[in-house]
Amino acid sequence: MTKIGLRNTWFQVHKWLGLILAILIIPLSVTGAALVWDEALDQALNPVRYATSGVQEIAPARYVAAARAVLAPDERIVSLTLPDADGGPVVITASKPGTRQALQGPPARTTVWLDPPSARVLDYGNSGTGLIRTMHMLHGTMLIPGIGRQIVGWIGVAMLLSSVSGLWLWWPTVGRWARGLRWKRHRNTDTNLHHLLGFWIALPLFVLSLTGVWISFPKFFGGGPNTMGIRPNAPRPVPLEQPKLSVDAVVAAAEAAKLPGAVGKVEWPTDRKPVWKVSFNGTQTSVGVAEATGLARVDPARPEDTARLMRRIHDGTGMGLGWQIVIFLGGLLPAILAVTGIIMWWRARGWKAELKAKQAARA
């Protein structure tokens, strides 16, 4: 195949991938951009949850008692999260054994936000509802039960191909590659925008697409127990209904280990693992407190596996502001590229129809 023939082939691949998937790429990209800063977005959408009266904390048991007042009798507490140095509310999550969300995913949980100095309930609600949760489900499964995650994974594969083919098409056919960085490569603004934005986002989009595919198909990459993104139907651990130890006693036992940082999160023991887990801010090391004996043991931090690294790269957790901005742009720009690509395709249909009409008239 000649160089021109290969270029035309890549052009057809790039064009039809963009046209067919445009309606799916836009919501995936926009939600991905918004979810980079989901906590800040939640604070903007639900300011009452963050209307705290101070940063002074009280005994954890006070928060548990306040949360139980608004939880259903059959709901069991899963975890308690204390605010970090930047302040914020105390957050308690609880779940009902055996319940699941309408779409595939973990069991639906109730979240309770509390004021640190007073344990006053600021807000509470089902974690499976709300705009941000809907955006998470849209980005992860397209709101399609069962096979949604696989569909998102295959869209990621298509975006990988689109990134590679787009970079090939961007490369100038004559002259040095720097010629491709010119703004006016075409007389139409949307085409120039498509070429220039496509170049700058090609590599980040490739990385985001690859990590998204990894998350959707962990078994294929050897990074998880699932098969092609389908979650097994094994029963999930259930928090103990009436733990023997109080949360205050657990926190005291964990703090006796003298780990650096303040207590950040307490996770309740379950029927599978009757051990409390206490995490500390600023360190990956945690303390396990046995429910049966109250004995505390320092659990060294586990090395980060590839699956977790792929997820952090994809959503920006702990990756710094610079990469989070790249992810944000990596969400917005593909939506712009989809729109400009459709405009370019529609315009081409027009001039091709005019050309055929002129040729027919001459004949």
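The values are calculated or read from the model by the stated rules, or taken from the named source; none is laboratory data. As the structure is a computational prediction, the values presented were derived from the model and not from experiment. Here Cβ is always computed from backbone atoms with ideal geometry, including for glycine, and neighbour counts include all displayed protein chains. Heads up: the accessible areas ignore ligands, DNA and RNA and are worked out on the full protein's heavy atoms, side chains in. Shrake-Rupley method; radii C 1.70, N 1.55, O 1.52, S 1.80 Å.
Quick notes on this one:
- Inter-label distance, Arg176 to Met319: 3.2 nm, where each label sits 7 Å from its Cα along the C-beta direction.
- Helix 3-35 axis versus longest C-alpha principal axis of the chain: approximately 30°, rounded to the nearest ten.
- Taking the 1.4 Å solvent-accessible surface of the chain as the whole, the part contributed by carbon and sulfur is 63%.
- Were the residues from Asp299 through Ile147 laid out at 0.36 nm apart, the gain over their Cα-Cα distance would be 51.0 nm.
- At a probe radius of 1.4 angstrom, the accessible area of region 128-192 per residue rounds to 56 square angstrom.
- Fully extending the segment from Leu131 to Leu196, taken as 0.36 nm per residue of separation minus the present Cα-Cα distance, adds 20.1 nm.
- Estimated translational D of region 54-94 in µm²/s (Stokes, Kirkwood radius over Cα pairs; 37 °C; 0.692 mPa s): 298 µm²/s
- A simple spin-label model places pseudo-atoms 7 Å from Cα toward Cβ; at Arg185 and Thr306 they are separated by 3.4 nm.
- Ala65-Ala51 pseudo-label distance in nm [points 7 Å out on the Cα-to-Cβ vector]: 2.5 nm
- Extension gain for the segment Lys358 to Asp38, taken as residue separation times 0.36 nm less the Cα-Cα distance, is 109.8 nm to one decimal.
- Beta bridges assigned by DSSP with both partners in the chain are antiparallel in approximately 100 percent of cases.
- A protection proxy built from the mean count of other Cβ atoms within 10 Å ranks the segments 144-151, 291-298, most packed first, as 144-151, 291-298.
- Alpha-carbon centroid distance for the pair region 10-44 / region 120-174, whole angstrom: 6 Å
- Peptides 129-141, 152-164 ordered by average Cβ neighbours within 10 Å, highest first: 152-164, 129-141
- In terms of packing, defined here as the mean over residues of other Cβ atoms within 10 angstrom, the peptides 241-248, 336-343 line up highest first as 336-343, 241-248.
- Cα-based shape type of region 129-171, given that a ≥ b ≥ c are square roots of the gyration tensor eigenvalues and the cut on a/c is 1.5: oblate
- Spatially proximal lysines relative to Lys184 (Cα-Cα < 26 Å; intrachain offsets below 8 disregarded): Lys3, Lys15, Lys352
- Diagonalising the gyration tensor over the Cα atoms of region 73-219 and scaling each eigenvalue by 5 before taking the square root yields semi-axes of 45, 21, 12 Å, largest first.
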